[in-house]
Amino acid sequence: MIVQRTFDAYGELVERLGLFAPPDDERPMDLGTHEGLLSPQAIPADPAACCIVGVIDHAIPFAHRLLTCASGHSRVASVWMQDAPTVRRRPDIAFGQDLHGTEIDFLRGLGGSGRKRSAEEIYRLLGLIDPARRNGRWFLHQYSHGAAVAGMAAGFDPGDARGLAHPLIGVSLPDWALEQTSGSSMPYLIQASVIYIISRARMLVQQFSQAAGRELRLPLVINISLGVTAGPRDGTSLIEMLQDSISLDPPPGLGPVHFVLSIGNTRQERLNAVMKQGDKIAWQILPDDFTASECQFWSQPHAPGQDAIRLRLTLPDGRRVVSRFDPPEPGRAQLARIRDRHGHELARLVLQGRAEQGGRMRQSLSVIVPPSVPPRPSPGQPPVPGRPTTAPPGQWKLKLAGGPPGDCDVVIQRDDRLPGFPPAGRQSYLDDPDYTIWLPDGQWPGPDPVPADAMIRRNGTCNAYAWGDRQIRCGAALGSTKEKLARFSPYSSLLRDGMAGDLVAPGDCGMARRGVLAPGMTDGAMQLVSGTSIATPQLTRWLAGQLAAGAGFATRDQVIAAARAARPGWPDPPRVDPELPWQIRE
């Protein structure tokens, strides 16, 4: 039912994919005929002592040495390259290319299937390295976010037999989705990716069951080091509901299923606030911002029929507008536009009602302003005719002038991209004179004081995809594996209660040594990556190791308790430090 609701919610997006997704690029070629997802050489001696790892990210180098076994065969059971040319059509793959491990081995030339090919030759053959293609350049780079995350989560030295216990199922998201700084198309793609991983994991369990000679139920850990800041942030989004549903009742053939998500990196970004009736706050729109900016107001749950959220906006030039929407109804939206004297749109307001349990509802009022600078024409394209709509940069003053009882949560949508994409957006932020940006000693502040002393909040800055009851949220810790003092990266977002995550893993070597070492795109490349997105696959790796060893963790609390017990005396949230193949041991 959740999957159908996802399709209903994003049906228009699916129908319009062709407007912003590259047209299909078909390159039919022989991938051989194979049984199963993995070659026999990549199946462990004890198929029951395994945990499948899923990774949803971008530019995953599936032919990397760290994702192979001693014989050179792939430990990648299946990978969906969503913006790759289509080599072989499959009925359940709408776009891009799905490759099985046996097909990757066939392309390598293993088992007498043809001439030997390097990883780079495979990427070129599949069109992933092709400068003539808009999306054919990532695999020319030495670094990518997906290379770091996949390598951290499931990378092993080929000679390490432990790697056989962690087959990887990956989804490499398309450039066109990640280029949209608001992440508007991401929920649909993440839902499709989760369904794909579940489908391929069940196929892999069948293959492992045949190898074991008995029916198996293997655990699965899915890593999602991506997120946004705005949304309901109460566990009711379709992403959270699907993941909670799967974890609560795993599909046939699967044991415990855990979703591990990054908590986010926005604690100090001033993107979150709590306002009561009559409060005023400034929203700073920056100049030279080539993307739209969005600020959302979320009411507390209330009975239907209450007054609509009423907002007074004062533009940087002093113009003042007050919203006057009708009382909202669940599932319906109202739209208003603010225009200048020439009729050009300066902002739009969208009020929506969301049904809640018990017959209650929440209101969501979004203020969306266009870029603050005219768009740059694409190379070879003529300028857009007419005067482009732009928003005046500066302080937009927002006053909560009325609405249903209770406070409103205020949150600004993220306006950035993964490393490696060209910059476009400049992150807007809230300005509150009562908010303390720096502590007297020059350090970043931690959790909010009790009671809070400003409208802007650091508590509750968690990734908007990660408010489910069963998802595991990972924060970033500071320091090496020998660290004796509990330290957390100051940017690491916080849960509602001020905790830096359910668990943490290293995100930086120290305050002055940003980042941790992670694999690059090619076998010899390494990269420094900072943030909760690189801490998260370390937690995934640790959890997969625990499950493969026989731990039967079925809930988030059980995972937290196990990590706490493994490091006695360490304050919450517990920290994990999995062994990594490229670490230098003293």
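Readers should treat all values here as calculations from the given coordinates under stated rules, not as data from a laboratory. All values derive from a computational prediction rather than experimental measurement. Don't worry about glycine lacking a Cβ; one is built from the backbone with ideal geometry, like all the others, and counts go over all protein chains shown.
Nearest 5 percent is fine: what portion of the DSSP beta bridges confined to the chain is antiparallel? Looking only at bridges with both residues in the chain, the antiparallel portion is about 65 percent. Of all stretches in the chain that contain no trypsin sites (Lys or Arg not before Pro) in a DSSP loop with at most 12 other Cβ atoms within 10 Å, the longest one is 342-481.
Working note: Karplus 6.51/-1.76/1.60 with θ = phi - 60° gives segment 163-178 the couplings x, 4, 7, 9, x, 10, 10, x, 10, 9, 5, x, 4, 5, 7, 7 Hz, where Gly and Pro are set to x. Measuring nothing but how far apart in sequence close Cα pairs (under 8 Å, 6+ apart) lie, relative to its length, segment 516-586 scores a relative contact order of 24 percent.
What percent do you get for the relative contact order of segment 475-569 when only Cα pairs under 8 Å and 6+ apart count? 24 percent. Across the chain, the relative contact order, built from alpha-carbon pairs under 8 Å that are at least six residues apart, equals 18 percent. By the gyration tensor of its Cα atoms, with a ≥ b ≥ c the square roots of the eigenvalues, what is the shape of segment 225-384: rounded for a/c under 1.5, prolate for a/b over b/c, or oblate? Oblate is the answer for segment 225-384, as a/c is 1.5 or above yet b/c matches or exceeds a/b.
Computed from label points 7 Å out along Cα-Cβ, the spacing between Asp523 and Ile93 is 2.5 nm.
The separation of segment 454-516 from segment 287-330, counted between C-alpha centres, amounts to 31 Å.
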